[in-house]
């Protein structure tokens with residue numbers, strides 16, 4: 001069973017698309033846990049779309065009335081570090097990830113916009129074409145602390161997105177085997193200027209747990225199946241050891257269930273990755289289980 005953490009280990013591959021250079025950041029085995037923008041090289045991992053004439057995304061020190069501090073001071077990526085966002089604006093940045101196992105993407109952000117008129121949309125695309133879908137419509141991803149389909153933004157063709165006003169929010173994206181998937185963050189505003197501050201994002205965290213879901217515990221006396229699962233899992237032991245208890249933890253290590261039953265119902269759990277610790281009369285065994 002392998003476990004590793006990564007954060008956008010960057011291979012700067014330049015690919016010509018529509019006459020412009022696109023920078024792809026391939027995430028794999030990066031040694032740092034968080035992109036907090038204080039490291040100058042971090043900026044290279046995020047491509048601000050220069051084809052948009054008035055793109056207002058900037059990496060710098062936020063110095064506005066509301067956006068007066070990054071989450072991890074002093075630097076964040078923000079829709080202009082000094083000025084309110086202009087009317088009639090469309091601004092995007094993106095990054096690309098490849099991973100072959102359980103992958104978590106999280107970030108801290110806040111927004112100050114004209115509700116339902118202006119705001120931020122996150123889209124995903126695979127391949128190098130121009131086909132994008134709203135991230136909430138990607139059935140391969142599990143999202144927490146995201147917008148709903150009813151939170152629409154009129155300046156972005158009524159696409160769902162983050163709109164209105166918020167304090168800092170910690171949003172997460174979970175997927176399995178993210179294969180060269182592009183993530184695009186787009187801020188838009190309508191033609192009414194309300195002198196609001198836009199969208200500010202900090203502390204991108206990219207983690208790959210390296211679960212090896214298909215062969216977890218393959219060489220141990222403990223067998224957990226089916227894995228992945230949508231409801232029940234069963235714990236089976238070789239004849240020479242005795243089952244005592246199983247403990248299920250979330251990915252932060254918080255205990256959410258302890259049972260003496262070897263058949264465990266996960267149907268009430270949210271989709272995502274969990275840790276199972278099996279206690280026997282001989283030893284403890286730890287593995288990952290994926291609830292689909």
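The values are calculated or read from the model by the stated rules, or taken from the named source; none is laboratory data. Computed from a predicted structure; not experimentally measured. For neighbour counting, all protein chains shown are included, and Cβ atoms are generated from backbone atoms with ideal geometry for every residue, glycine included.
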If we ask which residues in region 102-121 are in contact with a strand residue (DSSP E or B) (Cβ under 6 Å, 6 or more places away or on another chain) and either surrounded by fewer than 18 Cβ atoms within 10 Å (Cβ to Cβ) or without any contact (Cβ under 8 Å) to a residue 12 or more places away in the chain (or both), their number turns out to be 1
Could you check residue 174 against (1) crowded, with 22+ Cβ neighbours inside 10 Å; (2) modelled with pLDDT under 85; (3) assigned to a loop (DSSP other than H, G, I, E, B) and say which number it fails?
(3)
Read through the list (1) closer than 23 Å to residue 85 by Cα; (2) touching a residue at least 24 places away in the same chain (Cβ under 8 Å), then give the number of the only condition that residue 124 fails.
(1)
Among residues belonging to region 219-231 that are in a loop (DSSP other than H, G, I, E, B) and within 18 Å of residue 282 (Cβ to Cβ), point out the one that is modelled with the highest pLDDT.
221
Consider residue 201 carefully, then state whether it is in the same structural domain as residue 44 (by TED's automatic domain parsing) and modelled with pLDDT under 90.
no
Find the strands (runs of 3 or more DSSP E) located wholly in region 95-170 whose residues include 2 or more that are over 22 Å from residue 200 (Cα atoms), and list them.
102-112, 119-126
Go through region 250-273 and count every residue that is under 18 Å from residue 172 (Cα atoms) and either outside any strand (DSSP E or B) or at pLDDT 85 or above (or both).
8
Evaluate the following for residue 87: is it assigned by TED's automatic domain parsing to the domain that holds residue 181, modelled with pLDDT of 95 or more, under 20 Å from the mean Cα position of the chain (by Cα) and farther than 27 Å from residue 44 by Cα?
no
Of (1) surrounded by 13 or more Cβ atoms within 10 Å (Cβ to Cβ); (2) touching a strand residue (DSSP E or B) at 6+ places or on another chain (Cβ under 9 Å); (3) modelled with pLDDT under 90, residue 9 satisfies all except one. Which?
(2)
Is it true that residue 68 is over 19 Å from residue 183 (Cα atoms) and touching a helix residue (DSSP H, G or I) at 6+ places or on another chain (Cβ under 9 Å)?
no
